[in-house]
Amino acid sequence: MLAVLWNILSFIVALGILVAVHEWGHFYVARRCGVKVLRFSIGFGKVLWRRTDKHGTEFAIAAIPLGGYVKMLDERVEDVRSELQEQSFNRKSVKQRFAIVAAGPIVNFLFAIIVLAVMYMIGVTTLKPVVGDVVENSIAQRAGLTYGMQITHVGGRSVSDWEAVNLELVSAIGQSQVTIQVVDTGLQTTPTFVGSYSTPRFYDPATPELSPSPSKITLVLNDWEFAPDKQSAMDSLGFSTFRPQPTMDIAYVSPESAASQAGLLKGDKILQIDGTLLPNWGQTVAYIKARPSEDIELTIGRDGQIQRIFATLGVQETDTGRIGILGVSPVFEQWPSGLVFEQQHNLFSAVGLGIDKTWRLMTLSVDMIGKLFTGDVSVKSLSGPVSIAQGAGMSASFGLVYFLSFLALISVNLGIINLFPLPMLDGGHLMYYLIEWVTGKPVSEEVQEIGFRIGAVILFSLMSIAIFNDIMRIT
């Protein structure tokens, strides 16, 4: 319940910020063009708070936080006193009206740049994209991708972390293949001694001449089955991110678990189960999962002595049936030096990175929308308010920099969607103004009305699909 409330609160905060930014763009340019703004509202429905400034604009926060609007003086909507007619939106030139409407999406893109720049100045701790386990007979394994390889480029674009890798792989949806560039870091599956891996050599774009020699691998995507709402692009291709190997030492014992009741303690080392030597944590987990409710004998090391403990495994229901559960988690090996790094930049560098990231998000969003219509991306990938709320809550839980990254992503998508040439959106109005600009006369009211109805049907259909997808994901 607390998680649901947190998601809702995060969603309201995120949407409130993004709507305010978008509508401020319309508001600011309208004021600059001499248009009288009657109301600036965040949300719809019953007004919870309002204030009127010296220009006569009412600023309001309403009860339904699912959007907002800027109401301008307009003779097409209501009667306007003669002394105020020059401040009406409809009296402005087509260029001014175009600028007022375009300002909303443009400010969304500028906001994303600012937010990402702030994020990079604060600093983002991230991982270099070094490959972990590779699934047998997967697309990645058939291409030659192996444990310990660092991905440096995907489809010709440089990538420095896993987020960038995922974005570039997603952009390859619909292609028959994608080429990635990798270097062999020298990482081994098993550490050379407890707590330490072999000294790796990671790729550094700043000093490529000192980095391992790159090679290219082609991922053949003809049989790629990817469900973006359920898995990452890496998982669907058959490889995972590198993680330090778990040891057989216990780091945590869950209260009231089978392990706790048996007397296992933090710091114990599992040596054998039922007299069987299990060399790694993965095999230990598999052994326990296969024995729900069974009694097992654990041989452990504690304070330099060997002890035997008996435990009755717990049971957990899963989609594939019942599994055994002990209730412990392991100590992991240390991260190899240089794998974890912090992206922290000065103002100018951060702004440059913010521009580059925003542009990539914009091009990727447009690309994905195009593939949605061509059928390369399933409509099942559309997300509604529930999925967005979950994303907001999750990113907020991880910390400020992750929430800022989420805001930038949604802000870019909000700007792109609003530029759709549908009459109910900013893009539809811009389309009408562009026609007026070229022909020298406005689009007739009848044509606009037909366009609004068609746009409403399309938007309602897309929203219905997105909400349906949300419902299916949580049921």
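Numbers below:
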{"read-out": "Total residues in region 302-348, condition within 19 Å of Thr125 (Cβ to Cβ), surrounded by 11 or more Cβ atoms within 10 Å (Cβ to Cβ) and of a type in the set (S, T, N, Q)", "value": "4"}
{"read-out": "Index of the failed condition, Trp437 passing every other in (1) more than 22 Å from Lys92 (Cα to Cα); (2) of a type in the set (Phe, Trp, Tyr); (3) surrounded by fewer than 16 Cβ atoms within 10 Å (Cβ to Cβ)", "value": "(1)"}
{"read-out": "Residue satisfying condition, being more than 15 Å from Ala258 (Cα to Cα) and assigned by TED's automatic domain parsing to the domain that holds Pro255, within set Arg291, Arg360, Arg322", "value": "Arg322"}
{"read-out": "Selection from region 226-271 of residues that are of a type in the set (S, T, N, Q) and either at pLDDT below 90 or closer than 30 Å to Met149 by Cα (or both)", "value": "Gln231, Ser232, Ser236, Ser240, Thr241, Gln245, Thr247"}
{"read-out": "Candidates Glu78, Glu23 - the one that is without any contact (Cβ under 8 Å) to a residue 40 or more places away in the chain and either farther than 20 Å from Phe109 by Cβ or under 30 Å from the mean Cα position of the chain (by Cα) (or both)", "value": "Glu78"}
{"read-out": "Those residues of region 431-454 which are over 19 Å from Ile100 (Cβ atoms) and not in a helix (DSSP H, G or I), in sequence order", "value": "Gly440, Lys441, Ser444"}
{"read-out": "Selection count where residues are farther than 17 Å from Arg39 by Cα, in contact (Cβ under 8 Å) with a residue 40 or more places away in the chain and surrounded by fewer than 22 Cβ atoms within 10 Å (Cβ to Cβ), scope region 83-106", "value": "9"}
{"read-out": "Check on Gly123, without any contact (Cβ under 8 Å) to a residue 24 or more places away in the chain and of a type outside the set (A, V, I, L, M, F, W, C)", "value": "no"}
{"read-out": "Sole exception among (1) at pLDDT 80 or above; (2) part of a helix (DSSP H, G or I); (3) surrounded by 15 or more Cβ atoms within 10 Å (Cβ to Cβ) for Gly393, by number", "value": "(1)"}
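The values are calculated or read from the model by the stated rules, or taken from the named source; none is laboratory data. Bear in mind that the values here come from a model prediction, so they are computed numbers and not experimental data. We place every Cβ from the backbone using ideal geometry, glycine too, and count neighbours over all the protein chains shown.
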